[in-house]
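Let me begin by presenting the structure, written as structure tokens, before commenting on it.
Please treat every number below as a calculation from the coordinates, not as lab data. Please read these numbers as outputs of a predicted model, since none were measured by experiment. In this analysis, Cβ positions are derived from the backbone assuming ideal geometry, glycine residues included, and neighbour counts consider all displayed protein chains.
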């Protein structure tokens, strides 16, 4: 970069000397000379200047781009309420990517929800890769024959196809389980209950455990608020969520593919 700048300065000096020599040694019409000089400098100086200062320009543009991206990312992040250790998300669109959540697991992933249908459709490869790495998954899914299914269908507008979603999810999970050498790494359970939130636990038996709670919004089914917290950041929230999950799993039964 310094070499380029030095060469640019030398070029400008040489150009200036050449103009002076031309002016002293050549008999030319002064008006025409200055006209041609002005035109030549107008064309030449920007080219030399750009070539010499290009690294500085590129660095400025790169920093500008990084600044814009950083501001954009900051705008996309949801606000974390101070002193609680809990990250609050108003919609699913604001959440960290599912892949990032699963990639953070070192041992286990425990999940409870109604069906997981959309997640399974779009993220089955993420789950498959994690299973191949030895991560243990437990899925708690609403029993398709439960009387609670009709309650969800009546109260959640986007749950009209809940039965089909549950059956489709179970089929996909069973196919994943068939491919595993260690089938104990994937546990599928169904429950007969009416929880008002879904729970995801990452590495629940470790100090680095993380919990994500998604609340079913019965007033606005298209909006599902989420809370995420590490055990070390908010042990009370984590433990209360773990208790809810354990109560649900105690009432669940194994699903046989």
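Structural remarks
- Residues that are part of a loop (DSSP other than H, G, I, E, B) and out of contact with any helix residue (DSSP H, G or I) (no Cβ under 7 Å at 6 or more places or on another chain), drawn from the stretch 224-257: 225, 232, 233, 234, 251, 252, 256
- Looking only at the stretch 124-151, and only at residues there that are in contact with a helix residue (DSSP H, G or I) (Cβ under 7 Å, 6 or more places away or on another chain) and in contact (Cβ under 8 Å) with a residue 60 or more places away in the chain, the one that is nearest to residue 107 (Cα to Cα): 140
- Pairs, first more than 19 Å from residue 196 (Cα to Cα) in the stretch 245-257, second part of a loop (DSSP other than H, G, I, E, B), C-beta under 9 Å, six or more apart: 253/143; 253/192; 255/143
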